[in-house]
1. How do 250-261, 416-427 rank on mean C-beta neighbours within 10 Å, highest first?
2. Given a Förster distance of 25 Å, report the FRET efficiency between Met298 and Ala220 from their Cβ-Cβ distance, rounded to the nearest 0.05.
3. Given labels modelled 7 Å from the Cα in the Cβ direction, how far is it in nm from Asp380 to Arg153?
4. Roughly speaking, what is the stretch gain from Ala101 to Glu137, that is 0.36 nm per residue apart minus the C-alpha to C-alpha distance, in nm to one decimal?
5. How do 511-520, 321-330 rank on mean C-beta neighbours within 10 Å, highest first?
6. Amide H neighbours of Ser397 under 5 Å, at least 5 residues apart or on other chains, H built in the peptide plane: list them.
7. If I model a spin label as a point 7 Å beyond the Cα along the Cα-Cβ vector, how far apart are those points for Leu77 and Glu489 in nm?
8. Alpha carbons only, please: Rg and Dmax for the stretch 188-254, in angstrom.
Amino acid sequence: MRSGQRIAVTAGVCAAVVSVVGFGAYSLLGGDDDEGTANVASTSDSTPSGTPTEEPEPVTDEEVLAASAAFFDAWTLGDTATAAGLTDDPQSARVVLDALAERAGLAGLALEPSAPDGATVPFAVSATVSLDDDEVEPAPWEYTSALEVVRERGTGEAVVAWDPAVIHPALDDDQLIEAGPVDELPPVEVLDVNGDVLTAEDHPSLTPILADLRERYGDASGGTAGGELRIVDAEGETVERLLELAEPAPGQVPTTIDPVLQAAAEESVAARGNASVVAVQPSTGAIQAVANAPADGMNTAFEGSYAPGSTFKIVTASLLIDRGLASANAAHPCPKYFEHGGWRFQNLDEFEIEGGTFADSFAASCNTAFISQAPELADDDLGNQARDVFGLGLTWSIGTTSMDGTVPTQSDAQMAASLIGQGGVRMNPLNMASVSATVQSGVFRQPYLVPPSFDNRALAQAPRGLSGSTAQELRSLMNRTAVNGSAAEALAGLGGDIGGKTGSAEVDGQDLPNAWFTAYRNDLAVAALVPESGHGGTNAGPVVAEVLRARG
C-alpha cells in the first residue's frame, strides 16, 4: 500500500506511525531550546510517547464485497468520477481512469470478480478495443487483475486501495493506457519502374531520396500505420505494447528508376569517390538513374549548383544558330584570344583553329568561338534561351528536391563568360542531362522521378521548343564531338544515335577544374560531374559511358 491515507492494521505499524507524527509535531512547533519545549508541552492533542493507540478494525467480508462491487459498477458504466471517489486517492485514480475511457478506445467493458481472498478481490477484464479508423478492425482484449479494500483514515470507510496496477497489472505510476497508430507515418515502399522495392542497401546513394519520398508522399501512398493498445509514460513514449490491433500496411510510391541503369550509375560514381550522375529518358523526361559518391553526402546530382563549363555551349550554340550567328558547316572564328568587357579569354593550351567551321570549334570546345559573338548579343539573350527552350530556370516538380538551373542576366565580361558555362551560370547533372535530352528529342520535357500521374502535379513547360533546323544542327554538332571530337575517347565503341559534349569548369582556389560530360545515345541522356578532377572527357566521360553502355 503506497498511500499515506491508509490505516495500518497491525499494532507495531501503528506505533511507528504515531512515533513519526510526534516527531514531526515537535519539529514544527519548536527546536531544542526551552521555548520550544514549552510549546510541545502545551499541545493538547499530542500523543505522549509510549501511549498505546486503538487498533482499527479490519474491513469485513461484507465491506470488501460492497466496496469492490461499487467500484466495478462505476468503472463499467464509465463513471470515472464515482469510481475514482471510491478509492483512497481519487485524484490519481481519476487521471488514469479518464485516460482509459478517453484514449483507449474501449467498448463493451465487462468486469468479472472472483471470490475475495481476504481484502483482495481478483477480477477478469474483457473489452473491445478500436481505433478511429475504418480500416482497422476492433479487437478483443482480455486480462486479469486484482484490487484491495482498505479502511480509509479519518472516515473509517472501506475503499479501494489505489494503485495503477488495479487497472492493469503492468501499469505503474505516471503511466497511462492508450490506443493509436503504430507509427506517426505509415511505412512506405518506394518502387522502381518495374514495381520492385528500391532499398538503400541495394542502392546506397538513393538513401536521402528514398527518405524524402517516404515523408513527402506518406499520406498519398495508400499505406496504413496499423494500430495498437499500449502503455505510455509521461512523455508519451511507449513502455509496453498490450495488444496489436493491425499490422502496418506499407504504402507505395512509384518512381521511374531503372534498376539496371541505377546499379551501373552507383558503380560508376563509387569507383571515383566524388562524383554524381543522372540519366534521363528524352522521349518522356523520366529520370532512370541518379547516383552520388559519397553516398551519404549531398545529393549533388539533383541539388548541386556548379558552373557547367563547356557542356553549356550546347545551349549557347542553339542561341547562336537561332540568331544566324553560327552554322555547323559555315566558317567560324576560333582565335587564340578574344577580349570582351575588359577580359581577355583564351582556349585551353591557347590553341586556335584557322579557317575552321563552327562544327570544328564545337567539337574541339573552342572558347573564343563562342565569346567572339558576345558583342552581337543582348545581356539577357542567353538566360531567355536557356529558360524558353531548355526549361532551365523554370520551377521543376520532379517529385523530390531539385535545383533547376540558373542563368542570370549579366553584362560585359561576365556575360561573355556565361556563354562558355562560367560567370554566374549554375547547373547540376540533372540539368545537363536534360539539356542533352532536349537536343535528342527536339523538345524540353521536364525530368521527373515520381510520375506526375501519381499525385496529379503539373510539370514545367518551356514556352517554345527547338526549331527543327536548330535541333538538327545541334544533333550533328554533338554527334561529331562524340565520334571524333573531345568526347570521342570516352564514348568509343558505343553505336546508335549518339552525341556528346565535354566540359571543364575553372574554379578559383582549386588546383584542378570540375570535370563535366553530357551525352545521349538513342533514348537515353546522361550527364556527370566529377569535382576538382581535371578534363571532362577523361574524368567525367567514363562515368557517362558506363551508364550508356548499361542500356545495351
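No value in this document is a laboratory result; all are computed from the given coordinates. Just so you know, these numbers come straight off a predicted model, no measurement behind them. For neighbour counting, all protein chains shown are included, and Cβ atoms are generated from backbone atoms with ideal geometry for every residue, glycine included.
1. Working: 250-261: 21.0, 416-427: 24.5.
Per-residue mean Cβ counts within 10 Å order the peptides as 416-427, 250-261.
2. Working: r = 27 Å, r/R0 = 1.06.
So the FRET efficiency works out to roughly 0.40.
3. 8.5
4. Numbers: separation 36, 0.36 × 36 = 12.96 nm, distance 1.89 nm.
11.1 nm is the gain from fully extending Ala101 to Glu137.
5. Details: 511-520: 26.1, 321-330: 16.1.
Order by mean packing, descending: 511-520, 321-330.
6. Ala460
7. Placing both labels 7 Å along Cα→Cβ, they lie 9.2 nm apart.
8. Rg then Dmax for the stretch 188-254, in Å: 15.2, 46.
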